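Peer 1: Dropping a structure here in structure tokens format, bear with me for questions.
The values are calculated or read from the model by the stated rules, or taken from the named source; none is laboratory data. These figures come from a predicted structure and were not determined experimentally. So basically every Cβ, Gly included, is an ideal-geometry build from the backbone, and we count neighbours across all protein chains shown. Heads up: the accessible areas ignore ligands, DNA and RNA and are worked out on the full protein's heavy atoms, side chains in. Shrake-Rupley method; radii C 1.70, N 1.55, O 1.52, S 1.80 Å.
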Amino acid sequence: MTERHLLSGAEPDPARDAGHPEPPPRVGFFTDTSVCIGCKACEVACKEWNAIPEDGLSLTGMSYDNTQGLGASTWRHVAFIEQTVPEPQGRTRLPLVDGAAQAAPPQEAGESTRWLMSSDVCKHCTHAACLDVCPTGSLFRTEFGTVVVQEDICNGCGYCVPACPYGVIEQRPSDGRAFKCTMCYDRLGAGQEPACAKACPTESIQFGPLDELRERAALRVGQLHEAGVSGAHLYGDDPEDGVGGDGAFFLLLDKPEVYGLPPDPVVTTRDLPAMWKHAGAAAASLLGGFALSFALPALARRRGTR
């Protein structure tokens, strides 16, 4: 968070801080995993609009997921998570008896299976470490507050790959350049929503001004809690978290780790200012020591000649 925001108590404005004088409202994604059906329409739409190459479609044998994770050629990834969970006591079963449904007495608690599905994407962090480490300016902050890679400027250094706390960015093996979600920057400039949100049939992926999405998400969590889904919670919506809040946040039904997300992400360049300060102090001390080592003998010789 910049000094200006610390003094005012205001939330950071990434686009304005990046030099856009009068940016439009910051936009983002709210992904409600409770209504995701795993259709992968978002993956297909993303690939088609952005002309992303095929990425293997290799089944792991552990899931119906055939893309496995985000990468240079997978900017949207739908996770399939199969869980065995306790079945609540008192659940009434309706077995067929003589061809007619008949209410059975409550059963003891057992086990049942549930699927968790979630469409993952680049988080477009408020404090984006990938921007901090890019030496060519290939990564830049748009007027919409999103983070975009300019593939024609990327030199393939790969610094952004380990800098991302979410493991989103990847280099494409064919040429070494880095790629990730652009939130369909070209569509935003034309007043259109991103292709993935446009294609989602259940509105699991919602796009719009970030402030409005946060309000909508809070209401949705309240609805789920009232319906008895106590595990529903938001991930990445807090401007006070380790990355200053995400431009793409999620409603999850289980712990972040279950979805392959870090539980407490922190911008990896957070300590760089302090590190450079200590390095500068150490360098100054070293130079001072060298200078003193030359100055003292010269001073002694001068005194000896008097």
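Peer 1: Could you give every pair whose Cβ atoms fall below 8 Å, whose first residue belongs to the range 202-225 and is over 19 Å from P24 (Cβ atoms) and in a helix (DSSP H, G or I), and whose second residue is open to solvent by 50 Å² or more (accessible area, probe 1.4 Å) and not hydrophobic (A, V, I, L, M, F, W, C), counting only separations of at least 6 or pairs across chains?
Peer 2: Partner pairs satisfying both residue conditions: V221/H233.
Peer 1: Does the range 154-175 include one or more residues that are under 12 Å from the mean Cα position of the chain (by Cα), part of a loop (DSSP other than H, G, I, E, B), farther than 23 Å from E240 by Cα and not basic (K, R)?
Peer 2: Yes, that holds for at least one residue.
Peer 1: How about the range 138-175: which of its residues are open to solvent by less than 20 Å² (accessible area, probe 1.4 Å) and small (G, A, S)?
Peer 2: Passing the criteria: S138, G145, G158, A163.
Peer 1: Quick one: D132 ticks every box in (1) open to solvent by 30 Å² or more (accessible area, probe 1.4 Å); (2) without any contact (Cβ under 8 Å) to a residue 40 or more places away in the chain; (3) out of contact with any Lys or Arg (no Cβ under 8 Å at 6 or more places or on another chain) except a single one, so which number is it?
Peer 2: With respect to (1) open to solvent by 30 Å² or more (accessible area, probe 1.4 Å); (2) without any contact (Cβ under 8 Å) to a residue 40 or more places away in the chain; (3) out of contact with any Lys or Arg (no Cβ under 8 Å at 6 or more places or on another chain), D132 is out only on (2).
Peer 1: Could you tell me whether the range 133-147 includes any residue that is part of a strand (DSSP E or B) and within 14 Å of the chain's Cα centre (by Cα)?
Peer 2: Keep residues of the range 133-147 that are part of a strand (DSSP E or B), which gives 139-141, 147.
Retained after the next criterion (residues that are within 14 Å of the chain's Cα centre (by Cα)): 147.
Yes, because at least one residue in the range 133-147 is part of a strand (DSSP E or B) and within 14 Å of the chain's Cα centre (by Cα).
Peer 1: Now a separate question. Could you check how many residues of the range 176-205 are open to solvent by 30 Å² or more (accessible area, probe 1.4 Å), polar (S, T, N, Q) and within 22 Å of G236 (Cβ to Cβ)?
Peer 2: 1
Peer 1: Collect the residues in the range 245-265 that are assigned to a helix (DSSP H, G or I) and open to solvent by less than 70 Å² (accessible area, probe 1.4 Å), keeping them in residue-number order.
Peer 2: Initial filter on the range 245-265 (assigned to a helix (DSSP H, G or I)): 256-259.
Listed by number, the residues that qualify are P256, V258, Y259.
Peer 1: For E43, all conditions in the list (1) more than 19 Å from A128 (Cβ to Cβ); (2) open to solvent by 40 Å² or more (accessible area, probe 1.4 Å); (3) assigned to a helix (DSSP H, G or I) hold save one; what is the number of the exception?
Peer 2: (2) is the only condition that E43 fails.
Peer 1: Same structure again: Which of the following residues is farther than 22 Å from V78 by Cα and in contact with a Pro (Cβ under 9 Å, 6 or more places away or on another chain): D186, D211, D175, D246?
Peer 2: Details: D186 fails: in contact with a Pro (Cβ under 9 Å, 6 or more places away or on another chain); D175 fails: in contact with a Pro (Cβ under 9 Å, 6 or more places away or on another chain); D246 fails: farther than 22 Å from V78 by Cα.
Within the list D186, D211, D175, D246, the selection yields D211.
Peer 1: Could I ask something else about it? With the requirement that a residue be among the polar types (S, T, N, Q) and either within 18 Å of N50 (Cα to Cα) or in contact with a Lys or Arg (Cβ under 7 Å, 6 or more places away or on another chain) (or both), what does the range 140-159 give you?
Peer 2: T142, T146, Q150
Peer 1: Let me ask something additional. Can you name every residue in the range 68-88 that is out of contact with any helix residue (DSSP H, G or I) (no Cβ under 9 Å at 6 or more places or on another chain) and either part of a strand (DSSP E or B) or open to solvent by 70 Å² or more (accessible area, probe 1.4 Å) (or both)?
Peer 2: Here is the first cut: in the range 68-88, the ones out of contact with any helix residue (DSSP H, G or I) (no Cβ under 9 Å at 6 or more places or on another chain) are 68-72, 80, 82, 84-88.
If the condition is that a residue be out of contact with any helix residue (DSSP H, G or I) (no Cβ under 9 Å at 6 or more places or on another chain) and either part of a strand (DSSP E or B) or open to solvent by 70 Å² or more (accessible area, probe 1.4 Å) (or both), then Q68, G71, F80, E82, T84, V85, P86, P88 are the ones that fit.
Peer 1: Could you tell me whether the range 269-277 includes any residue that is of a type in the set (D, E, K, R), surrounded by 12 or more Cβ atoms within 10 Å (Cβ to Cβ) and either at pLDDT 95 or above or touching a strand residue (DSSP E or B) at 6+ places or on another chain (Cβ under 7 Å) (or both)?
Peer 2: no
Peer 1: For D65, only one of the following conditions fails: (1) open to solvent by less than 20 Å² (accessible area, probe 1.4 Å); (2) within 19 Å of T182 (Cα to Cα). What is its number?
Peer 2: (2)
Peer 1: Let me ask another. Among the residues of the range 226-244, write down those that are farther than 25 Å from F80 by Cα, open to solvent by less than 30 Å² (accessible area, probe 1.4 Å) and in a loop (DSSP other than H, G, I, E, B).
Peer 2: Matches in the range 226-244: V243, G244.
Peer 1: Moving to a separate point now. Can you tell me which residues in the range 140-172 are out of contact with any Gly (no Cβ under 7 Å at 6 or more places or on another chain) and free of Cβ contacts under 8 Å to residues at least 24 places away in the same chain?
Peer 2: Correct list: Q150, D152, N155, C157, G158, V161.
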